[in-house]
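A.B. asks: Take a look at this one; I'll ask things after.
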Amino acid sequence: MKHFINLDDLSSKDLNQIIDSAIVLKKQHKSGQINQTLAHKTLAMIFDKSSTRTRVSFEAGMAQLGGHALFLSNRDIQLGRGEAIVDSAIVIGSMVDAILMRVSSHQDINTFAQNANVPIINALSDESHPCQLLADMMTYKEHKGDIQGKTVAWIGDGNNMCHTYMQAAQAFNFTLNIATPENYQPYPSFMEKYASHVRLFTDAQSACQAVDLIVTDVWASMGQEDEQKKRALAFKDFQVNDALMLHAKSDAAFMHCLPAHRGEEVSVSVIDGKQSLVWNEAENRLHAQKALLLYLLS
């Protein structure tokens, strides 16, 4: 039984195999080829957080592979009304072929993995977001080549996306410069585990010196809306704008997992500029996740 709960649940070889498969699947889809490999397979999608890219990409991906996706919000199932996590895992796992979870609690995902008896996919938790990194690494490979040996700058909050970039730095063998305000650094456990591939900074300019890729995320994630004003003050010197991009290599790329707040964590000129791979990155969620589903189910 294979799960995809953290990026480094899979070997570097398998991750690269999924990305190469995603590139092939994308070409096949663009050429109109039909792939029914997951016919009669069902993916249950459990959400307690709203989503655009995750829901659309997984539902479309299952349909394109001949399968079916069930969207289950916490308002639709007994899990949202107090049913035990273990009970829900056993029951849902007995009826479907895989379960996707976009939920607040990383521990709930682990509990499902221990009890559901089908592959579990982490589609975002408070700890990590591995599906997004598959798309990011696929996008970099398509447009810039192998990321091994490159340097990436993460600018902003030490959040779940930052954690997953730390995992990716080790899995794909690149250096990650992390620039955060002092009180917004990644979890110490992640810093300890991935220290060999990570460097911490407290100013964005230093972190971006001669890097190949700059990545950011919103300053206040879902559930942190009440911290918006406080975070806006703390992160005011961490906007990715034209001046910051000048510190990177001239051919450096920019990525953002979306949704973006233009004029806050990123300027309009950068996200809509020639160095931005944001829209390619968003589209590639579909193809990377199709490759992941095939890896786990076929």
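The values are calculated or read from the model by the stated rules, or taken from the named source; none is laboratory data. Computed from a predicted structure; not experimentally measured. Every residue, glycine among them, receives a Cβ derived from its backbone with ideal geometry; neighbour counts consider all protein chains shown.
A.B. asks: For segment 172-209, which positions are part of a helix (DSSP H, G or I) and under 24 Å from Ala135 (Cα atoms)?
C.D. replies: Passing the criteria: Phe172, Phe190, Met191, Lys193, Ala195, Ser196, His197, Ala207.
A.B. asks: Looking only at segment 26-61, count how many residues are polar (S, T, N, Q), in contact with a His (Cβ under 9 Å, 6 or more places away or on another chain) and more than 19 Å from Met101 (Cβ to Cβ).
C.D. replies: 1
A.B. asks: Could you check Lys290 against (1) within 30 Å of Glu59 (Cα to Cα); (2) among the charged types (D, E, K, R); (3) in contact with a strand residue (DSSP E or B) (Cβ under 7 Å, 6 or more places away or on another chain) and say which number it fails?
C.D. replies: Going through the list (1) within 30 Å of Glu59 (Cα to Cα); (2) among the charged types (D, E, K, R); (3) in contact with a strand residue (DSSP E or B) (Cβ under 7 Å, 6 or more places away or on another chain), Lys290 breaks only (3).
A.B. asks: Across segment 38-57, which residue is nearest to Asp126 (Cα to Cα) among those that are surrounded by 20 or more Cβ atoms within 10 Å (Cβ to Cβ) and over 17 Å from the mean Cα position of the chain (by Cα)?
C.D. replies: If we take residues in segment 38-57 being surrounded by 20 or more Cβ atoms within 10 Å (Cβ to Cβ) and over 17 Å from the mean Cα position of the chain (by Cα), then Ala44 is nearest to Asp126 (Cα to Cα).
A.B. asks: What number of residues within segment 99-141 satisfy the criterion of being modelled with pLDDT under 95 and of a type in the set (Gly, Ala, Ser)?
C.D. replies: 2
A.B. asks: Among the residues of segment 239-264, what is the count of those that are touching an Asp or Glu at 6+ places or on another chain (Cβ under 7 Å) and surrounded by fewer than 22 Cβ atoms within 10 Å (Cβ to Cβ)?
C.D. replies: The number of residues fulfilling the criteria is 3.
A.B. asks: Considering only residues that are part of a loop (DSSP other than H, G, I, E, B), touching a strand residue (DSSP E or B) at 6+ places or on another chain (Cβ under 6 Å) and of a type outside the set (Gly, Ala, Ser), look in segment 109-124 and name the one that is nearest to Asp8 (Cα to Cα).
C.D. replies: Checking each candidate, the answer is Pro119.
A.B. asks: In addition: Pick out, from segment 210-298, the helices (runs of 4 or more DSSP H) lying fully within it that include 2 or more residues that are farther than 18 Å from Met161 by Cβ and in contact (Cβ under 8 Å) with a residue 24 or more places away in the chain.
C.D. replies: Correct list: 242-245, 278-297.
A.B. asks: If you take the residues in segment 12-37 that are touching a Lys or Arg at 6+ places or on another chain (Cβ under 9 Å) and crowded, with 20+ Cβ neighbours inside 10 Å, which one is farthest from Glu281 (Cα to Cα)?
C.D. replies: Per the criteria, the residue is Leu25.
A.B. asks: Now for a separate question. Which ones in segment 195-211 are modelled with pLDDT of 95 or more and either surrounded by fewer than 20 Cβ atoms within 10 Å (Cβ to Cβ) or in contact with a Pro (Cβ under 9 Å, 6 or more places away or on another chain) (or both)?
C.D. replies: Ala195, Ser196, His197, Val198, Arg199, Leu200, Phe201, Asp203, Gln205, Ser206, Gln209, Ala210
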